[in-house]
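The values are calculated or read from the model by the stated rules, or taken from the named source; none is laboratory data. Everything numeric here is computed off the predicted structure, so don't read it as measured data. Quick reminder, even Gly has a Cβ in these numbers, built from the backbone with ideal geometry, and neighbours come from all protein chains shown. Remember, those area values only see protein heavy atoms, side chains included, never the ligands or the DNA or RNA. Shrake-Rupley method; radii C 1.70, N 1.55, O 1.52, S 1.80 Å.
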Amino acid sequence: MSHYKFNATIVFLTVAAEEQALNGSTHWATTAKEKGINVAAMFTDDIVGNTLREDGTRDRSHVRLFAEGVPPLATLPAAVRTQLATGGENDFPTRQLARFIQSVGARYVPQLPVHVIYRRDRYLRGGDHSPFLDAGYAAVRFTEPREAYTRQHEDVGVRDGVLYGDTPDFVDFAYIAEVARVNAAALAELSLAPAAPKGVELEAIKLENDATLRWAANSEPDLAGYRIVWRDTTAPAWEHAVDVGNVLRYTVAGVSKDNVIFGVEAVDRAGHASPAVIPRRAAGRDRG
């Protein structure tokens, strides 16, 4: 990727002491937060090299992508409570990032589907994306389809006829290459696209069967305009889209805001689109 130019900075990061309480990634994430660094997204690839199950069969069918939903804060900020009150529990930034990665992967690396899992991580496990989530950044984890636990966190050796330990013999390099392609495509698209729109609001001012959204202007010189996306409240991925041009307010006629989840993407002249941002409610008076 060093041969290409991107609109955003891509940092390829390795950290120490992952097994010792995520010390390296915690240091990086907390330092970034203290310095006010704008981290649009963080990917961690942790346990992505094995496709051989413990029963001897292989699974190259997909890669798992773990994506947290509602941040598990002791006290929820007002903005989080408002989003939950309007059905946005599946639309926090990390879930939007996961949708973005899944969509880009399907477009550029269709041979390796991305299966989004609505969890921060697996049970009894943790990864370097967690400190970034705790710092308030969008962060996800890639992991192979089915893990062989005898080859993780074990000294190399044979015990009771079973080989333990992580050795190159069990690495599926072709599979790793496909995971790398998904990462590269998503990183490139994210870094070439405009920033996600800010100030996105849904006008809930009067009773109507249309939906009007508004947002603040992006500053990119190559901005082509904006795209409004929506889906049923129970659907995992965006189902509909309309390109609305370089405007800051648009009414989607005949689509009731009561029935769907909306999002707004920024799109540049080359067709690169940002992750969607769901709108806050532009408040009106509630009626029965």
Looking at the structure I just gave you, is Leu190 within 20 Å of the chain's Cα centre (by Cα), outside any loop (DSSP other than H, G, I, E, B) and surrounded by 15 or more Cβ atoms within 10 Å (Cβ to Cβ)? yes
Considering residues that are within 20 Å of Pro113 (Cα to Cα) and among the hydrophobic types (A, V, I, L, M, F, W, C), the number found within the range 159-178 is 5
In this structure, does Thr212 turn out to be open to solvent by less than 40 Å² (accessible area, probe 1.4 Å) and either among the charged types (D, E, K, R) or at pLDDT below 90 (or both)? no
State which residue pairs qualify: first residue more than 23 Å from Asp258 (Cα to Cα) and inside the range 213-228, second residue open to solvent by 50 Å² or more (accessible area, probe 1.4 Å) and not in a loop (DSSP other than H, G, I, E, B) in any location, beta carbons under 7 Å apart, and separation of 6 or more residues or different chains. Gly225/Asp243
(1) in a strand (DSSP E or B); (2) surrounded by fewer than 19 Cβ atoms within 10 Å (Cβ to Cβ) all hold for Lys206 apart from (1)
Taking the residues in the range 31-53 that are over 17 Å from the mean Cα position of the chain (by Cα) and outside any loop (DSSP other than H, G, I, E, B) as candidates, determine which candidate is modelled with the lowest pLDDT. Leu52
Selection count where residues are in contact with a Leu (Cβ under 8 Å, 6 or more places away or on another chain) and surrounded by fewer than 14 Cβ atoms within 10 Å (Cβ to Cβ), scope the range 40-61: 1
Can you go through Val252, Val229 and tell me which one is closer than 19 Å to Pro275 by Cβ and surrounded by 15 or more Cβ atoms within 10 Å (Cβ to Cβ)? Val229
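Restricting the search to the range 67-82, which residues are surrounded by 14 or more Cβ atoms within 10 Å (Cβ to Cβ) and among the charged types (D, E, K, R)?
Going residue by residue through the range 67-82, those that are surrounded by 14 or more Cβ atoms within 10 Å (Cβ to Cβ) are 67-71, 76, 80, 82.
Answer for the range 67-82, where residues must be surrounded by 14 or more Cβ atoms within 10 Å (Cβ to Cβ) and among the charged types (D, E, K, R): just Glu68.
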Restricting the search to the range 134-161, which residues are exposed (fewer than 15 other Cβ atoms within 10 Å of the Cβ) and within 16 Å of Tyr123 (Cβ to Cβ)? Tyr149, Gln152, His153
In this structure, is Ala235 buried (at least 18 other Cβ atoms within 10 Å of the Cβ), assigned to a loop (DSSP other than H, G, I, E, B) and either within 23 Å of the chain's Cα centre (by Cα) or not aliphatic (A, V, I, L, M) (or both)? no
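Taking the range 1-30, which residues are open to solvent by 100 Å² or more (accessible area, probe 1.4 Å), more than 18 Å from the chain's Cα centre (by Cα) and free of Cβ contacts under 8 Å to residues at least 60 places away in the same chain?
Ser2, His3, Lys5, Thr14, Gln20, His27
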